[in-house]
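In what follows, a structure is listed as structure tokens, so that the remarks can point back to it.
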Amino acid sequence: TGVPGLEVAASWHHQADMSQGVPSVNNEKLEADLLTAHVAFEKGIVGLRTLAAKWDLDRAALAAGDQKRAEQEGWYVEPYVKVLPKLTVFARYSEWDAEAADNSSSQFQETVAGVNWYLHERAVVKADIQHRDRPNPADKDEDGFNVGIGFSF
């Protein structure tokens with residue numbers, strides 16, 4: 001952290017058996033690595049969060065048709081403003097890669113706008129609207145409205 005209001009971090013997670021005991025191709029365990037990096041910055045009433053992540057799956061354990069799925073990645077950027085001490089307005093733009101088994105295009109894009117109402121420093125009610133662009137022009141884009149409750153302990 002070193003700089004007030006700034007957090008920078010990275011992580012690496014190795015999963016020894018993503019299939020959790022179910023044999024994959026050639027009866028091999030499906031090993032995978034997850035790499036992430038994030039930055040969060042807050043100064044006064046404004047802030048920004050961003051995250052990038054990448055899965056790298058063991059190609060030898062995947063079927064030939066699944067080779068494109070061996071690498072999956074995505075990122076988002078989310079600016080926000082505290083309009084009241086317990087109410088935050090935010091927007092988020094995301095892109096991610098979710099390779100389809102049929103090798104169709106897989107670049108998803110999503111735009112979200114919403115509010116967070118903090119009931120307590122560890123409890124929040126969240127509401128947002130979303131628009132998701134699907135990669136295949138033949139598929140219908142997805143729009144939605146979400147409401148949720150979050151807490152940490």
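The numbers here are math on the coordinates, done by the rules we state, and not lab data. Every value quoted in this text rests on a predicted model; they were computed, and no experiment measured them. Backbone-built Cβ (ideal geometry, glycine too); neighbour counts: all protein chains shown.
How far, in nm, would the chain grow between Val147 and Glu73 when pulled straight, counting 0.36 nm per residue and subtracting the alpha carbon separation?
The Val147-Glu73 span can extend by a further 24.0 nm.
Taking R0 as 35 Å, what's the FRET efficiency between Thr50 and Ser19 from their Cβ-Cβ distance, rounded to 0.05?
0.65
Greater than 29 Å separation of Cα atoms is the criterion. Which listed pairs, Lys54/Lys140; Lys43/Lys140; Lys29/Lys140, meet it?
Where the Cα-Cα span goes over 29 Å, the pairs concerned are Lys43/Lys140; Lys29/Lys140.
How would you order 5-11, 108-114 from highest to lowest mean count of nearby Cβ atoms within 10 Å?
Peptide ranking by packing, descending: 108-114, 5-11.
Would you mind counting up the charge near Pro4? Only other residues with Cβ under 13 Å from its Cβ, with Lys and Arg at +1 and Asp and Glu at -1.
Local charge sum for Pro4: -1.
Determine the gain in length on full extension of the stretch His38-Ala113; use 0.36 nm per residue of separation and subtract their C-alpha separation, reporting nm with one decimal.
That works out to 25.0 nm of additional length.
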